[in-house]
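These notes concern the structure reproduced below.
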């Protein structure tokens, strides 16, 4: 499996349905526009038998770090950091759930952000978890911000160690 950049000429965006209308609409309407403006990058996992079919997708960008929402130790360590990598969206089509594709997409997104952090340093990877998705991210080592239970982070250093195993 490999992820590829979303291609509006190839991928059937209107067929995708993860059950969350905001995520479906983003893929259908906004993903290509935001990529064209260099605001985000969206990657899709294609069905190998039908490459036009999107199994799932994720969107990456950068975001400001609110230091006072981090544990004190991390606030001190990263006091000069202004931005982190953001997994802005991650979704799997309902027809492909419970087959490990969500985990695969998350790990792929983490790998891409780790590579980016080697070129342009940033200390954290952040995710805004949708309703009911917090536990999914927590099992991969993400921790909630102190004041926002649905906004989670993991350090790039922890990702580096985890992916090296």
Going from the fewest other Cβ atoms within 10 Å to the most, one would list 9, 130 as 9, 130
Pair residue 37, residue 72: separation of 7 Å Cα→Cβ label points (nm): 4.1
FRET efficiency, residue 21 to residue 140 (Cβ-Cβ, R0 35 Å, nearest 0.05): 0.85
Nearest 10 degrees, 0 to 90: helix 101-119 Cα axis against the chain principal axis: 50
Reviewing (1) 9.8; (2) 12.6; (3) 13.3, the figure for mean projected area of the Cα convex hull in nm² actually calculated from this model sits under (1)
Value of [θ]222 nm, deg cm²/dmol, for the chain, DSSP H segments ≥ 4, -39500 (n - 2.57) each, nearest 500: -8500 deg cm²/dmol
Residues 108, 7 arranged by fewest to most Cβ contacts within 10 Å: 7, 108
If I model a spin label at residue 28 and residue 2 as a point 7 Å from the Cα along the Cα→Cβ vector, what separation in nanometres do I get? 3.0
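Computed from the coordinates by the stated procedures, all read-outs in this text should not be read as laboratory data. Note that this is a predicted model, so its numbers are computed, not measured. Note that we place each Cβ from the backbone using ideal geometry, even for glycine, and neighbour counts take in every protein chain shown.
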